[in-house]
Amino acid sequence: MSQLSTRHLLGIKDITSEDIRLIFETADNFKEVLNRPIKKVPSLRDITIANIFFENSTRTRLSFELAEKRLSADVVNFSSSTSSVKKGETLTDTVNNILSMKVDMVVMRHSSPGAPHFLSKNISANIVNAGDGTHEHPTQALLDAFSIREKLGDVMGKKVAIIGDILHSRVALSNIFCLQKLGAEVMVCGPTTLIPKHIASLGVKVEMDVKKALQWCDVANILRIQLERQQIKYFPSLREYSLYFGVNKKMLDQLDKEIVIMHPGPINRGVELNSDVADSEHSIILQQVENGVAVRMAVLYLLAGVR
């Protein structure tokens, strides 16, 4: 198979395991490109891509922008904080205005779940979901699984614990779908208040004890506490969260095996993860950042082929 089964990347739920494998194989090739002295290829030279971010983002936006430039695409950046959205313009109007400038693809982050899906039904460009509310963040899940595959050889049969704020995390949902499609076992762990009620129906294990979760898993993907999405208090204090759910070096030293530590960033150091873990040999956090560019290059390149 050399083509994706879909015109858009709206969520991991909407793509097949073959699509994921194709993205990974393509990302392998682009990773080689990124390690060359000249890191550019002319693959998307005639394509214009608009990055439309209605929510703040540093790493995802920079990663997409770098991926687009490495593929020689023309890039238009749009930030809602400096736009007519502030004046009451609707989502469709905003995007139609951008499309009238002859844009071929749209990379979009929005605070409303389903915004990219709505867009894909109303405009002709390819849409890449760069995060919609607390729903999905497909490219993050792809780069996470790609990083596990690179570190451990395969995702199939691995045990992955997702630890932290599952309730507000779009990364968690996309990761669950992606890991399951690739044959991994998934566990979620965190305070009861931050675990969605019906999450077990997705076929994941649920654990409240971090030490048990770490003992069970091969890979711990530790999520940020998303204070900006929390309208009410879900736990007494950050200090208390850190005490019961933070991961430190001592906990890893007590395990009878080596595990891999991941984090989608940005890290609240000393809250969900101590520096002695984030910067340790267990951690592949910087590899995740590097792989993000290769995986996003692969996604954009493959979607351009389904235009």
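The values are calculated or read from the model by the stated rules, or taken from the named source; none is laboratory data. Note that this is a predicted model, so its numbers are computed, not measured. Positions of Cβ are generated from backbone atoms using ideal geometry, with glycine treated the same way; all protein chains shown enter the neighbour counts.
So here's what we get for this one:
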| quantity | calculated |
| --- | --- |
| Residue match in region 201-214 (condition: surrounded by 20 or more Cβ atoms within 10 Å (Cβ to Cβ), closer than 21 Å to His137 by Cα, in contact with a strand residue (DSSP E or B) (Cβ under 8 Å, 6 or more places away or on another chain) and small (Gly, Ala, Ser)) | no |
| Residue that is surrounded by the most Cβ atoms within 10 Å (Cβ to Cβ), among those in region 280-307 that are outside any helix (DSSP H, G or I) and touching a residue at least 24 places away in the same chain (Cβ under 8 Å) | Ile284 |
| So Ser5, is it among the hydroxyl-bearing types (Ser, Thr, Tyr), loosely packed, with under 15 Cβ neighbours inside 10 Å and not assigned by TED's automatic domain parsing to the domain that holds Ile148 | yes |
| Breaking point among (1) of a type in the set (D, E, K, R); (2) surrounded by fewer than 15 Cβ atoms within 10 Å (Cβ to Cβ); (3) in contact (Cβ under 8 Å) with a residue 60 or more places away in the chain, for Arg149 | (2) |
| Search result, residues across region 133-156 that are among the β-branched types (Val, Ile, Thr) and part of a helix (DSSP H, G or I) | Thr139, Ile148 |
| Complete set of residues in region 244-266 that are at pLDDT below 90 and either surrounded by 14 or more Cβ atoms within 10 Å (Cβ to Cβ) or part of a helix (DSSP H, G or I) (or both) | Gly265 |
| Inter-residue pairs, beta-carbon under 9 Å, first within 17 Å of Gln140 (Cβ to Cβ) and in region 251-275, second among the acidic types (Asp, Glu) and buried (at least 17 other Cβ atoms within 10 Å of the Cβ), 6+ apart | Val260/Asp218; Met262/Asp144; His263/Glu272; Pro264/Asp144; Glu272/Asp165 |
| Enumeration of residues in region 93-116 that are among the small types (Gly, Ala, Ser) and either under 23 Å from Arg59 (Cβ atoms) or at pLDDT 90 or above (or both) | Ser111, Ser112, Gly114, Ala115 |
